[in-house]
Amino acid sequence: MNINVDKLKNTKVIIGIIAIILVIGFVIGLYTSKGLFKSDPEIPYFALNTDDSNNTVQLPATTELAVLEGWAGQRLCIPGRGKFATKENEPYILSYTTTGELTSIYLISTDEMPLPWRQGDNLIASGTELVDYQHWNLIIHFDNPLSSCKTLQSKNTSGYCDPFDCNLKGSGERATPTPYMSPTPTPQASFIIQKVTDNISASKSIIVSSDSEPDEISKIIVDNAQAKSKTISNILSNLISGLENPDYGSNTWINNVSHKGFKGNVKSDLFQSLVPDIPTGANINLTIWVTDDSKLKRLQIEGPLSDTDAKDSIRTFEISDSE
Amino acid sequence: MLAKLKNMQILSAVIVGLLLIGIAIGLLVGIFSTGGTEERYIALDSGGAIIAEGQGNVWGPAGTGRLTLEEQLPSTLLEATTNGWSEQSACIQNTGKIFAKGNLPYLLTYNTQNELIGVYLISETEKPLPWEKLESLSAGSKTIIDYQHWSLIVHLKNPANACETI
């Protein structure tokens, strides 16, 4: 092998070669150390009153353990809280991440407690009332609650089944695998809008309330809506069916229940009976949120409804069925 | 000098030498960088679901429009002392070192590695199991809580090793 010594006379070339060899060595060393000194991950341990008494309670650190110990968990993950799990007669509720790790404990007191405990009337999660009485509560998070509902993308999901969904309780065996079913295609937004309109038309009595800060226009709409309570379902169904270019919008949580969002434009003329002085022919940005069974729950109007309104006006109205 | 590099043996020795130096540095960096303990996120909070409000990243309990009630706890002893927590006891077997701050209705416990390992909740009113009734809380000759109370310790790590030195 011939070495071109002339090239090696160049200091920059020499330094470059030395640097490359050192970097290669450094990378080898770094990876070797990570492999050699890799410590086993610490097994999570959470307990209440771990002492010599009989009151020691070790908390189930995973959903698998929770199910085996008789905890009943929820399927839906609540943002910032996780999946609540309850057990009869326990004065606390546990919550787990979507990946099945214990993430917090919700302590309950029926007596008044000082801060940081806070009073709550009830605890509703995913439509289920977990605590149906006035109580004081304190949550201790064991991890950042904002990552409670992280997706399972980072986990090997093949064959993964959330124990709260898998009905493993008591059997000690994995449930029979569910046969593969092709995913249900997402329906067109216009299809859902049609169902929402049908549901409004079928409603006998609808109540409209303003959730935003009271302002003149909101009051006018609500007052007019109440005055026209007999025809409000017609007005609303005309509004929703008049939604042009409907599309899926962002979902939202209303009373701890997830609602689908849809957005589109409506002609201002459709608001005429609610806001008599609205300019005609204008396009109004409308967003609605509906329940899983396509019932209108919230309606939001973006933009001015009169000349005196600010351009960024947003009005939100809650729709409820009096039945 | 460079002429010596024409000799394959010398050249190989130089390359291997440099490689070994690189590997040694990499090993040392790897060993020392894995030595630190990962900081945990422990916080107190209350209420039901939290939702993201329309604009920005403001979080609050659903429907209330309030800002988050979450309060992060000092996960290390250094953090605790700089935030006004004061040591109440030396390391107690199965509990750890107890820290208090003002009149807060809870104490914090740390292990000898200075990690937060527990939250000692205090209630002056009667509580069901697993809360425990205590006449007072003392460590050695020092009385930390001098009145009857119900306590619940939420352990974040196994306290059996709280006082062990590595």
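Overview of results
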| quantity | calculated |
| --- | --- |
| Test: residue in the range A:140-158 that is of a type in the set (A, V, I, L, M), assigned to a strand (DSSP E or B), modelled with pLDDT of 85 or more and crowded, with 16+ Cβ neighbours inside 10 Å | yes |
| Count of residues meeting criterion [over 13 Å from A:Phe271 (Cα atoms), part of a strand (DSSP E or B) and in contact with a helix residue (DSSP H, G or I) (Cβ under 9 Å, 6 or more places away or on another chain)] in the range A:300-320 | 4 |
| Pair list, Cβ < 9 Å and 6+ apart or interchain, from the range A:120-131 residues that are in contact (Cβ under 8 Å) with a residue 40 or more places away in the chain to residues that are acidic (Asp, Glu) | A:Ile124/A:Asp132 |
| Extreme residue, surrounded by the most Cβ atoms within 10 Å (Cβ to Cβ), among residues of the range B:67-96 that are in contact (Cβ under 8 Å) with a residue 40 or more places away in the chain and within 18 Å of B:Tyr41 (Cβ to Cβ) | B:Ser75 |
| Residues being of a type outside the set (Val, Ile, Thr) and in a strand (DSSP E or B) - total across the range A:58-82 | 4 |
| Residue in the range B:131-148 that is surrounded by 19 or more Cβ atoms within 10 Å (Cβ to Cβ) and within 11 Å of another protein chain (Cβ to nearest Cβ) present | yes |
| Some residue of the range B:110-120 being assigned to a loop (DSSP other than H, G, I, E, B) and more than 22 Å from the chain's Cα centre (by Cα) | no |
| Any hit, the range A:47-56, residues being at pLDDT 85 or above, within 10 Å of chain B (Cβ to nearest Cβ) and touching a strand residue (DSSP E or B) at 6+ places or on another chain (Cβ under 6 Å) | yes |
| In the range A:86-109, residue surrounded by the fewest Cβ atoms within 10 Å (Cβ to Cβ) [restricted to those that are assigned to a loop (DSSP other than H, G, I, E, B) and facing chain B (nearest Cβ under 9 Å)] | A:Asn89 |
| Selection from the range A:254-292 of residues that are in contact (Cβ under 8 Å) with a residue 40 or more places away in the chain, surrounded by fewer than 20 Cβ atoms within 10 Å (Cβ to Cβ) and within 29 Å of A:Arg75 (Cα to Cα) | A:Ile254, A:Asn255, A:Val257, A:Ser258, A:Lys260 |
| Members of the range A:293-323 that are crowded, with 20+ Cβ neighbours inside 10 Å and farther than 20 Å from A:Ser233 by Cα | A:Leu305 |
| Pairs, first at positive phi in the range A:55-82, second of a type in the set (Phe, Trp, Tyr) and surrounded by fewer than 19 Cβ atoms within 10 Å (Cβ to Cβ), C-beta under 9 Å, six or more apart | A:Gly80/B:Trp59 |
| Any hit, the range B:142-150, residues being touching a Pro at 6+ places or on another chain (Cβ under 9 Å) and in a loop (DSSP other than H, G, I, E, B) | no |
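The values are calculated or read from the model by the stated rules, or taken from the named source; none is laboratory data. Quick caveat, the model's predicted, so the values are computed rather than measured. So basically every Cβ, Gly included, is an ideal-geometry build from the backbone, and we count neighbours across all protein chains shown.
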